[in-house]
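Everything below concerns the one structure shown next.
The values are calculated or read from the model by the stated rules, or taken from the named source; none is laboratory data. Since the model is a prediction, treat every value here as computed from it, not as a measurement. Here the Cβ positions follow ideal geometry from the backbone for every residue, glycine too, while neighbour counts run over all protein chains shown. For accessibility, only protein heavy atoms count, side chains too; no ligands or nucleic acids. Shrake-Rupley method; radii C 1.70, N 1.55, O 1.52, S 1.80 Å.
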Amino acid sequence: MQKEQPSTVGKTVANGNLSIQINSIEGSSGSERNPTPAEEEAALEAFLEYFCRPDERETWALKMARALAEAARERLRAGKQRAEFNSANVAEMVGNKVAPEAATSWLSGIWTTLKRRLDEREAGMQDTIRQAGHPYYAWPKKTASSGGAGNSSTYAMDFIRLPEVEGQTAPLPPGGTAYVRDVTLRPAFWVKPLVKAGFALKGWR
């Protein structure tokens, strides 16, 4: 079950040529806590190294993920609040000169591609963070528009508490070697009848 997320108070401000949605994160209730700035930066660095590594083929989806993570890291280091970016913002951030009114439809397909890649690699991201001994991992998120003229979905980096696992191991010592789940594979349609329900193919790195 997904845990309740901290509530946010939003306001739109100008940041250079970008109009961005600033979210002020309110404290969560109960025993939950928000990540510290140091934990957020460690999570962002790990995401950039794992998900946006140089050997990945450069695509619009990868550019989007990298731009969101780098923007979050830059704001964090500058002591600024977290920001959520609309479609026109993201298009500008990745260097696509699409008209603002066309940015939403253009980015919709890019996000679909990125979301599929995120689903394939989230387990590996969790393994990487767990071995590094960090409590949170950074992950791109989309906040759907409430509808209406002038409203659009927004995109940002989220910080997710690492789920506990049975038999959790200690962080990897310096210089140690470990394997992480690289991708969760989705078999082609003709393979599915040959695979039992609930069985997942995984790639290891």
Residue in segment 152-161 that is at pLDDT 90 or above and more than 21 Å from Asn86 (Cβ to Cβ) present: yes
Count of residues meeting criterion [in a helix (DSSP H, G or I), without any contact (Cβ under 8 Å) to a residue 60 or more places away in the chain and under 15 Å from Thr36 (Cβ atoms)] in segment 66-80: 3
Identity of the residue in segment 134-146, more than 13 Å from the chain's Cα centre (by Cα) and open to solvent by 40 Å² or more (accessible area, probe 1.4 Å), that ends up modelled with the highest pLDDT: His134
Yes/no for Ala67 being open to solvent by less than 40 Å² (accessible area, probe 1.4 Å) and at pLDDT 95 or above: yes
Positions within segment 70-85 being touching a helix residue (DSSP H, G or I) at 6+ places or on another chain (Cβ under 8 Å) and open to solvent by 40 Å² or more (accessible area, probe 1.4 Å), in sequence order: Glu70, Arg73, Arg77, Gln81, Arg82
Every residue from segment 89-134 that is out of contact with any helix residue (DSSP H, G or I) (no Cβ under 6 Å at 6 or more places or on another chain), outside any helix (DSSP H, G or I) and at negative phi: Asn96, Lys97, Ala99
Segment 99-112: number of residues that are open to solvent by 40 Å² or more (accessible area, probe 1.4 Å), of a type outside the set (S, T, N, Q) and either in contact (Cβ under 8 Å) with a residue 24 or more places away in the chain or in contact with a Phe, Trp or Tyr (Cβ under 6 Å, 6 or more places away or on another chain) (or both): 0
